[in-house]
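The values are calculated or read from the model by the stated rules, or taken from the named source; none is laboratory data. This structure is a prediction, so every number in the text was calculated from the model and none was measured. Every residue, glycine as well, gets a Cβ built from its backbone with ideal geometry; the counts of neighbours run over all protein chains shown. Accessible surface areas use protein heavy atoms only, side chains included; no ligands, DNA or RNA. Shrake-Rupley method; radii C 1.70, N 1.55, O 1.52, S 1.80 Å.
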Amino acid sequence: MSREPEQAFEAPWHGQVFALTVALSEAGHFAWTEWAAVFSAELEAQGQGRELDGSEDYYTAWVAALEEMLVAKGLAEAGLMTQMKALWTDAFLSTPHGEAVRIDA
């Protein structure tokens, strides 16, 4: 009897943001130690007043830390990231289930 392998990530986007961060570090945009310091600070900040459960909240903190790194390194503009998030959120919420999510031009 074969067992299904355990998933490394609970949701596809968890693995995607992890892979993106690793790729950016490996490409020389930031050292992994630098990333770890920013991510640790974000986990601490998001954990103030509540206990993190290590799943969705962990990757939400991961995304916030990555966004901070991207802005600090000049790889992205904070305002543009905010606009893109709003566009994707609107597109996601208005897309019928099962259809590809697209941002209208």
remark   = Subset of region 5-33, residues assigned to a helix (DSSP H, G or I) and free of Cβ contacts under 8 Å to residues at least 40 places away in the same chain, comes to 12, 15, 16, 19, 22, 23, 25, 26, 32, 33
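Considering only region 79-99, state which residues are open to solvent by less than 60 Å² (accessible area, probe 1.4 Å) and part of a loop (DSSP other than H, G, I, E, B). Don't jump to the end; show me each part of the working.
Start the filter on region 79-99 by keeping residues that are open to solvent by less than 60 Å² (accessible area, probe 1.4 Å), which leaves 79, 81, 86, 91, 95.
Result: 95, single match.
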message = If residue 76 meets every condition in (1) open to solvent by less than 50 Å² (accessible area, probe 1.4 Å); (2) part of a helix (DSSP H, G or I) apart from one, which number is that one?
response = (2)
inquiry  = I need a count of the residues in region 34-64 that are in a loop (DSSP other than H, G, I, E, B) and aliphatic (A, V, I, L, M).
reply    = 1
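Residue-by-condition table, conditions (1) of a type in the set (Ser, Thr, Tyr); (2) over 11 Å from the mean Cα position of the chain (by Cα):
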position: 8; (1), (2): no, yes
position: 11; (1), (2): no, yes
position: 21; (1), (2): yes, no
position: 26; (1), (2): no, yes
position: 32; (1), (2): no, yes
position: 40; (1), (2): yes, yes
position: 45; (1), (2): no, yes
position: 51; (1), (2): no, yes
note = Reported set for region 47-79 where residues are more than 18 Å from residue 17 (Cα to Cα) and not charged (D, E, K, R) is 47, 48, 49, 52, 74, 79
query = Inside region 21-33, can you point out the residues that are exposed (fewer than 14 other Cβ atoms within 10 Å of the Cβ) and either at pLDDT below 95 or aliphatic (A, V, I, L, M) (or both)?
reply = 22, 23, 27, 31
task = Mind listing whichever residues of region 34-68 are touching a residue at least 40 places away in the same chain (Cβ under 8 Å) and open to solvent by less than 60 Å² (accessible area, probe 1.4 Å)?
result = 55, 59, 62, 63, 66
